[in-house]
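*Asks:* Below is a structure I'd like to ask you about.
The values are calculated or read from the model by the stated rules, or taken from the named source; none is laboratory data. These numbers come from a predicted model, not from an experiment. Every residue, glycine as well, gets a Cβ built from its backbone with ideal geometry; the counts of neighbours run over all protein chains shown.
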Amino acid sequence: MYRFLLTPRWWGINVFVLLSIPFCIFMGSWQLGRFEDRVQDHRTATEQVSESRNEAPRPLKDMLPVDKATSGKPVTASGRYGKQLLVPGRELDGKQGFYVLTLLRTDSGEALPVVRGWLPGTADAAKAPAPPAGEVTVTGALQASETPGDNGVSAQGGLPAGQTSAISAAALVNLVPYDVYDAWITLTKADSGMTAVPATAPPDSGLDLKAFQNLGYTAEWFAFVGFVIFMWFRLLRREVEYARDAELGLVADEEPVTVDAAVK
């Protein structure tokens with residue numbers, strides 16, 4: 001009854017099944033490992049941000065460029081406040097509001113974007129307190145430039161004058177008349193009655209879309225294992241039924257069972 005399993009066609013089917021199952025398991029396990037790595041990165045980055053609050057601040061120039069090791073670390077910088085911008089559509093504690101972003105012009109000639117605080121409601125320049133005058137020294141958590149469309153950062157264009165959707169050198173270069181650091185800080189203590197904006201984990205270290213794509217791919221690979229096994233048993237069953245019918249003289253000639261026929 002099962003001698004057909006030794007035919008060349010079934011040798012090909014069996015070899016395909018025997019190779020595809022471990023391959024799919026390997027790929028599914030690899031994708032699951034990628035997801036677990038991202039979960040661990042997120043946990044580590046979150047702990048780093050929390051622990052960094054107790055560290056002594058260091059000069060800005062000693063902590064650049066921003067990477068996973070320096071993101072969230074406390075830094076200090078000195079200079080004079082210049083142009084002020086608003087960053088609309090920012091949520092804090094479940095409420096919608098906006099950041100007050102002021103450029104700190106340093107002795108290096110570059111300006112450091114400083115988030116002086118958060119205010120609730122619609123972005124309105126009249127609500128934003130003016131920055132302190134004269135030479136100031138600020139302390140805050142170092143953050144990497146934002147990328148529009150990632151981690152809740154709006155990619156909206158056409159904003160009113162005096163507003164920006166993302167805090168990055170690329171976004172600010174056309175809004176201010178001086179060079180801008182490829183980094184920004186959020187003040188440890190907000191100015192003038194505003195709420196301080198907490199530091200966030202560095203880019204590519206959170207449970208973002210990429211992480212859940214890895215989880216989705218894991219499910220797809222393991223589902224394909226089940227599909228391959230199901231199709232093999234489906235083909236086997238149809239072949240056995242056909243062989244039995246042939247022995248009973250219910251069919252004239254043997255016809256190969258195809259995958260399309262097995263699916264029907």
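*Asks:* List, please: which pairs have Cβ atoms under 8 Å, are six or more places apart or on different chains, and start with a residue in the range 119-140 that is farther than 29 Å from residue 71 by Cβ and end with one that is surrounded by 12 or more Cβ atoms within 10 Å (Cβ to Cβ) and aliphatic (A, V, I, L, M)?
*Replies:* Sorted first by the residue in the range 119-140, then by its partner, the pairs are 124/86; 125/86; 127/119.
*Asks:* If we keep just the residues of the range 31-70 that are of a type outside the set (Gly, Ala, Ser), part of a loop (DSSP other than H, G, I, E, B) and loosely packed, with under 14 Cβ neighbours inside 10 Å, which is modelled with the highest pLDDT?
*Replies:* 65
*Asks:* Looking at residue 90, is it in the same structural domain as residue 186 (by TED's automatic domain parsing), surrounded by 16 or more Cβ atoms within 10 Å (Cβ to Cβ), more than 25 Å from the chain's Cα centre (by Cα) and of a type outside the set (S, T, N, Q)?
*Replies:* When the stated conditions are applied, residue 90 does not pass them.
*Asks:* Restricting attention to the range 182-192, does a residue exist that is in the same structural domain as residue 147 (by TED's automatic domain parsing), touching a strand residue (DSSP E or B) at 6+ places or on another chain (Cβ under 9 Å) and modelled with pLDDT under 85?
*Replies:* Within the range 182-192 (the criterion being in the same structural domain as residue 147 (by TED's automatic domain parsing), touching a strand residue (DSSP E or B) at 6+ places or on another chain (Cβ under 9 Å) and modelled with pLDDT under 85), the answer is yes, since at least one residue qualifies.
*Asks:* Only residues in the range 1-14 that are in a helix (DSSP H, G or I) count as the first member; pair them with residues that are at pLDDT below 80, Cβ under 8 angstrom, at least 6 apart or cross-chain, and list the lot.
*Replies:* As it stands, the answer is 4/243; 9/256; 10/4; 14/5, since those pairs meet every condition given.
*Asks:* Can you find a residue in the range 196-212 that is modelled with pLDDT of 90 or more and either among the aliphatic types (A, V, I, L, M) or within 23 Å of residue 35 (Cα to Cα) (or both)?
*Replies:* So far as the range 196-212 goes, yes, one or more of its residues are modelled with pLDDT of 90 or more and either among the aliphatic types (A, V, I, L, M) or within 23 Å of residue 35 (Cα to Cα) (or both).
*Asks:* Testing residue 101 on (1) in contact with a helix residue (DSSP H, G or I) (Cβ under 9 Å, 6 or more places away or on another chain); (2) over 25 Å from residue 165 (Cβ atoms); (3) not in a loop (DSSP other than H, G, I, E, B), one condition comes back false. Which one is that?
*Replies:* (2)
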